[in-house]
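Read the structure below first, then the notes.
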Amino acid sequence: MIPSVLPTYNRAPFAFQKGEGTWLIADDGRRFLDLGAGIAVNALGHAHPALVAALTDQAQALWHTSNLYQIPAQQALADKLVAHTFADTAFFTNSGTESCELAVKMARKHFHDAGQPDRTDIITFSGSFHGRSSAGIAAAGSDKMTKGFGPLLPGFVHLDFGDHDALTAAAASPTVCAILVEPVQGEGGIRPVPDQCLKGLRDLADAHGLLLIFDEVQCGVGRTGKLFAHEWSGITPDIMMVAKGIGGGFPLGAVLATERAASGMTAGTHGSTYGGNPLGCAVGNAVMDIIADPAFLAEVNRKAGLLRQKLEGLVASHPDVFEGVRGAGLMLGLKCKATNTDIVQAGYAQDILTVPAADNVIRLLPPLTITDDEIAQAIDRLDAAAATVAHHLA
């Protein structure tokens, strides 16, 4: 008999009733150190007082009016995002998946309105994840994402991650309009695109008149120690997908774009009932006020260096369990020799939460507010989990 909640998740056998910073408290009172942060969503941890105040104050005033009217908090958040990024304009969504849908529409509409309607193909890469909508799964293209859901939305050219020759050839096609890439793949196993490769993508897009789209749903909003991950490379995209951390736990996303890239999106071409609502934008403004502060980002970088150093030591201590550390900032992955889900499960017994990913990787995506003491506790708990797994391997 099918359960009342559609059984599309393999859930861990516990539930949480309260969150405090980097900690989640289960209904039996156990305190878990949360290195998943709701899959990079709770960028400022659980129940951050500034976010609680922003949401509570707004909830007592006004929840929803729709985009038929002016929404001052939405305008304020758009102004902040434009001021802090490459973008000239922003559209607000409820999720990364919705941001993907608009990014795809925006790129194709740009070329349609520019008199090049045959330019509809978007280049994407193996290991990518762009959400679970029809466009999102078609963009990723993997069997795991697409099997049973055909016919798939056409217009995506799938290339192997790192195949420069195939990329050069594909970009020259007269039907290609854009390149879509995650500066750091999340679901694909914490795989950063090297800075020189991001620069190469920008050069390639410019050489062929393509739009460059960055999916920073998971790697953005301070996660890598810059406000957005692509900033490390010194180049900018034409369109960027944002979500997860921007709402700090409240459903909120955005598409940021240059004026040129967004030129086709005129009145009536796109919309959202809830996107940019007063509640979401009140929280998003509070998030931006904290994370966009250079002093805050400097602390993220310091803590990221500390965590990575300690993780390298952990890998060296358990050579039969771990292979190495990868990633950037506080978006780190442990490449495993043992089965990654076994290590995640062993972590549960040590009251620590991590997130599995492809390529046999464990993702470590803690709140950006994690403390040095909590980093030390995380290493101790991961060490105990690894020792349990190593014992079973022996």
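Just so you know, all these numbers are worked out from the coordinates, no wet-lab data involved. Remember, predicted model here, so these are calculated numbers, not experimental data. In this analysis, Cβ positions are derived from the backbone assuming ideal geometry, glycine residues included, and neighbour counts consider all displayed protein chains.
Quick rundown of the values:
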{"item": "Criterion violated by Ile71 - all others in (1) over 22 Å from the mean Cα position of the chain (by Cα); (2) without any contact (Cβ under 8 Å) to a residue 60 or more places away in the chain satisfied", "result": "(2)"}
{"item": "Gln309 polar (S, T, N, Q), out of contact with any strand residue (DSSP E or B) (no Cβ under 7 Å at 6 or more places or on another chain), in a helix (DSSP H, G or I) and within 20 Å of Arg11 (Cα to Cα)", "result": "no"}
{"item": "Residues located in the range 248-262, provided they are farther than 30 Å from Ala114 by Cα and in a loop (DSSP other than H, G, I, E, B)", "result": "Gly249, Pro251, Leu252"}
{"item": "Identity of the residue in the range 253-297, without any contact (Cβ under 8 Å) to a residue 24 or more places away in the chain and under 30 Å from Ala376 (Cα atoms), that ends up surrounded by the fewest Cβ atoms within 10 Å (Cβ to Cβ)", "result": "Ala295"}
{"item": "Given (1) touching a residue at least 12 places away in the same chain (Cβ under 8 Å); (2) surrounded by fewer than 21 Cβ atoms within 10 Å (Cβ to Cβ); (3) more than 26 Å from Tyr9 (Cβ to Cβ), number of the condition Phe322 does not satisfy", "result": "(2)"}
{"item": "Within the range 96-109, tally of residues that are of a type outside the set (Ser, Thr, Tyr) and crowded, with 24+ Cβ neighbours inside 10 Å", "result": "8"}
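Residue-by-condition table, conditions (1) in contact with a helix residue (DSSP H, G or I) (Cβ under 6 Å, 6 or more places away or on another chain); (2) without any contact (Cβ under 8 Å) to a residue 12 or more places away in the chain:
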{"site": "Val344", "(1), (2)": "no, no"}
{"site": "Ile362", "(1), (2)": "yes, no"}
{"site": "Leu368", "(1), (2)": "yes, no"}
{"site": "His391", "(1), (2)": "no, yes"}
